[in-house]
1. Quick test of your reading of the structure: B:Gln41 fulfils all but one of (1) of a type in the set (S, T, N, Q); (2) under 18 Å from B:Gln99 (Cβ atoms); (3) surrounded by fewer than 16 Cβ atoms within 10 Å (Cβ to Cβ). Name the failing condition by number.
2. Can you tell me which residue within the range B:1-35, out of those that are of a type in the set (Gly, Ala, Ser) and modelled with pLDDT of 95 or more, is surrounded by the fewest Cβ atoms within 10 Å (Cβ to Cβ)?
3. Looking at B:Gln82, B:Gln99, which is the one that is at pLDDT below 95 and farther than 15 Å from B:Leu27 by Cβ?
4. Having 3 or more residues that are open to solvent by less than 60 Å² (accessible area, probe 1.4 Å) and free of Cβ contacts under 8 Å to residues at least 60 places away in the same chain is the bar; report the strands (runs of 3 or more DSSP E) wholly within the range A:1-87 that clear it.
5. Restricting the search to the range B:49-62, which residues are on the phi < 0 side of the Ramachandran plot and open to solvent by 30 Å² or more (accessible area, probe 1.4 Å)?
6. Just the residues that are within 10 Å of the chain's Cα centre (by Cα), more than 7 Å from chain B (Cβ to nearest Cβ) and at pLDDT 95 or above, please, taken from the range A:85-103.
7. Could you check how many residues of the range B:6-31 are away from every other protein chain (no Cβ under 11 Å) and within 14 Å of B:Leu76 (Cβ to Cβ)?
8. Restricting to the range A:13-27, give me the number of residues that are at pLDDT 95 or above and more than 13 Å from A:Ala78 (Cα to Cα).
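The values are calculated or read from the model by the stated rules, or taken from the named source; none is laboratory data. These numbers come from a predicted model, not from an experiment. Glycine gets a Cβ as well: all are built from the backbone with ideal geometry, and neighbour counts include every protein chain shown. Surface areas here come from the heavy atoms of the whole protein model, side chains and all, with no ligands, DNA or RNA. Shrake-Rupley method; radii C 1.70, N 1.55, O 1.52, S 1.80 Å.
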Amino acid sequence: GQQVMQIPQYQHVQEGEDFTTYCNSSTTLSNIQWYKQRPGGHPVFLIQLVKSGEVKKQKRLTFQFGEAKKNSSLHITATQTTDVGTYFCAGPNTGNQFYFGTGTSLTVIP
Amino acid sequence: DGGITQSPKYLFRKEGQNVTLSCEQNLNHDAMYWYRQDPGQGLRLIYYSQIVNDFQKGDIAEGYSVSREKKESFPLTVTSAQKNPTAFYLCASTGTGTQPQHFGDGTRLSIL
């Protein structure tokens with residue numbers, strides 16, 4: 001079946017350092033979405049990318065969608081303690097079944 | 001205020017018992033989903049429904065059942081056949097299968 005893998009699984013950074021998580025799908029996705037889940041909470045939608053090679057920015061967060069629409073990345077510049085949580089990529093395949101990535105848990109050390 | 005409501009927040013199941021988790025949305029969304037999340041893990045799809053009176057199995061449907069009799073409601077039953085039901089259960093909805101998903105606050109299920 002389809003798999004969406006993220007690396008790393010865990011990341012600890014010092015506050016102010018940068019952070020990147022990578023997402024790889026075994027099949028082409030029609031779009032890629034990123035979600036953030038705070039500890040004890042539910043996933044909250046951050047952004048959606050649709051076009052091959054698309055790059056979007058939200059303040060300190062930069063999102064990229066790969067040319068083949070099978071991979072994506074999220075980069076956070078100068079992390080803050082409010083960035084703590086688990087970041088998931090997700091997307092629908094051509095059959096509209098939704099798949100979530102395995103997630104990257106970010107810890108920011110003050 | 002539109003959103004998704006899951007209840008109860010916490011649920012305890014006895015051995016051999018079926019329990020039903022409620023999920024209601026007033027977003028007028030066609031598609032609804034149930035996910036299971038184990039501690040420190042990602043989200044695994046249990047069942048999804050793209051339209052009323054229709055639903056499909058996800059990757060881990062065994063031991064679970066659903067119904068979609070109304071657009072607003074997508075209850076999940078955890079049957080006694082599910083031998084390891086302790087997990088965090090999340091319900092989500094979306095307007096179409098490609099749009100972002102909106103999540104409820106989740107239900108934490110434990111075995112007594």
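1. (2)
2. So, considering only residues that are of a type in the set (Gly, Ala, Ser) and modelled with pLDDT of 95 or more, the one surrounded by the fewest Cβ atoms within 10 Å (Cβ to Cβ) is B:Ser7.
3. Numbers: B:Gln99 fails: farther than 15 Å from B:Leu27 by Cβ.
It is B:Gln82.
4. Details: elements: A:4-7, A:10-14, A:19-25, A:32-37, A:44-49, A:55-58, A:61-65, A:71-76.
The strands (runs of 3 or more DSSP E) meeting that bar are A:32-37, A:44-49, A:61-65, A:71-76.
5. Filtering the range B:49-62 for residues on the phi < 0 side of the Ramachandran plot gives B:49-52, B:54-62.
Correct list: B:Gln50, B:Ile51, B:Val52, B:Asp54, B:Phe55, B:Gln56, B:Lys57, B:Asp59, B:Ile60, B:Glu62.
6. Listed by number, the residues that qualify are A:Thr86, A:Tyr87, A:Cys89.
7. 12
8. Initially, the range A:13-27 is screened for residues at pLDDT 95 or above, giving A:13-24.
Now drop any that are not more than 13 Å from A:Ala78 (Cα to Cα), which leaves A:21-24.
Matching residues across the range A:13-27 total 4.
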